[in-house]
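See below for the structure under consideration.
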Amino acid sequence: MDDAKFDYLLRLGDNALVLSQQLGAWCGHGPALEEDLALTNVALDLLGQARMWLSYAGEVEGRGRDEDALAFLRDGAAFRNLLLVEQPNGHYGDTIMRQFLFDVWHQHLLAALAQSSDGRIAEIAHKAAKEVRYHVQRSAHLVVALGDGTAHSHDRMQGSLERLWPFTQEWFESDPVDAACAQQGLAPAAASLAEPWRASVEAVLTRATLPMPAAIGHQRGGRLGVHSEYLGHLLAEMQSVPRAYPGARW
């Protein structure tokens, strides 16, 4: 088994899976019907992407675990998602800002992965990129609408940005997994996405009249299995039925 490739695929799948679960919690609770439906559609897009990444991860691992086993039968310490995606939904501005910051990075990452030396990775990335292009347009539009809206909406969005900013640098740090995959041409070097991401984010924040926070310290650990308590609560809900009825079939 290629350990680095397996771990990298888990990271991709876990990011999509956890964020999909987060957005699904808004179903029936969105601030407007249109937003309720839009968030649910984004959640379904991400869930489909998670299935593709985790399915491939199971094949690379070669131990008989499919995407369901990897999604529902791993404990929190075995998850490799970024800390950003497990942060609480909070108010709607928190959810939208979290989505925007992730979407922009996700778009740049998928564009690079579409050039992967691994044909399967390139194929999945190419398909996912079409969906994420819409995700970015939507979340960026909402950030501008709320940031450049009323004084109240502006202040709430600025607060969301300040709270989430420390979680946005983890994805640019290289570790042995990133380095090995970059060396093989499977994935881009983690640091190579930093400047494109920052430029894209800054352009939208400028339109939204939201000052970009100072880069002072950041949180890390998610990609190594060190998570916040929020992931434990999320997995307890997401995995409850498969854990209670192992092997059950519809």
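Every read-out reported here was derived from the displayed coordinates using simple, explicitly stated rules and does not represent laboratory data. Treat the numbers as computed from the prediction; the structure is a model and nothing was measured. Note that each Cβ is placed from the backbone with ideal geometry, even for glycine, and that neighbours are counted across all protein chains shown.
Axis of helix 33-61 versus longest Cα principal axis of the chain: the two differ by about 30°, to the nearest ten degrees.
Once backbone amide H atoms are built at 1.01 Å from N, Leu82 has Asn15 as its partners under 5 Å, excluding neighbours fewer than 5 places away on the same chain.
Helix-only mean residue ellipticity at 222 nm, the chain, DSSP H runs n ≥ 4 weighted -39,500 (n - 2.57), per residue, nearest 500. What is it?
Computed mean residue ellipticity for the chain: -21000 deg cm²/dmol.
Taking the three principal axes of the alpha carbon atoms in segment 65-112, the coordinate ranges are 35, 31, 16 Å, sorted in descending order. The dipole here belongs to the chain: it is taken about the Cα centre, uses +1 on the Cβ of Lys and Arg and -1 on the Cβ of Asp and Glu, and is about 180 debye.
With neighbours defined as other Cβ atoms within 10 Å of a residue's Cβ, the residues Cys27, Cys181 order from fewest to most as Cys27, Cys181.
Summing Cβ point charges (Lys, Arg +1; Asp, Glu -1) relative to the Cα centre of segment 1-126 gives a dipole of roughly 180 debye. With q set to 0.18 Å⁻¹, the log10 of I(q)/I(0) for segment 88-128, from the Debye formula over equal scatterers at the Cα positions, is -0.56. Between 0 and 90 degrees, the angle of helix 194-207 with respect to the longest Cα principal axis of the chain falls at about 30 degrees. If R0 is 35 Å, the Cβ-Cβ spacing of Leu224 and Glu34 corresponds to a FRET efficiency of close to 0.35. Spacing of the modelled spin labels on Ser240 and Asp175, each 7 Å from Cα toward Cβ, amounts to 3.0 nm. Modelled label positions at Ala248 and His233, each set 7 Å beyond Cα in the direction of Cβ, lie 2.4 nm from each other. Spin-label pair Leu73-Glu162: with each label point 7 Å from Cα along the Cα-Cβ axis, the two points sit 4.7 nm from one another. Using the Cα coordinates of segment 103-250, the gyration tensor eigenvalues translate into equivalent-ellipsoid semi-axes of 29, 23, 18 Å, sorted from longest to shortest. Fewest neighbouring Cβ atoms within 10 Å first, the residues Phe102, Phe6 line up as Phe6, Phe102.
Pairwise alpha-carbon distances in segment 1-85 exceed 19 Å for 39% of all pairs.
The ranking of Tyr134, Tyr230 by Cβ neighbour count inside 10 Å, starting from the fewest, reads Tyr134, Tyr230. Loop-located trypsin sites (Lys or Arg not before Pro) in segment 142-250 (DSSP state not H, G, I, E or B) with no more than 10 neighbouring Cβ atoms inside 10 Å: Arg249. Compute the helix-to-body angle for 229-238: its Cα long axis versus the longest principal axis of the chain, expressed 0 to 90° and rounded to tens. Approximately 60 degrees, to the nearest 10. Across the alpha-carbon set of the chain, the Rg to Rh ratio works out to 0.95, Rh being the Kirkwood radius.
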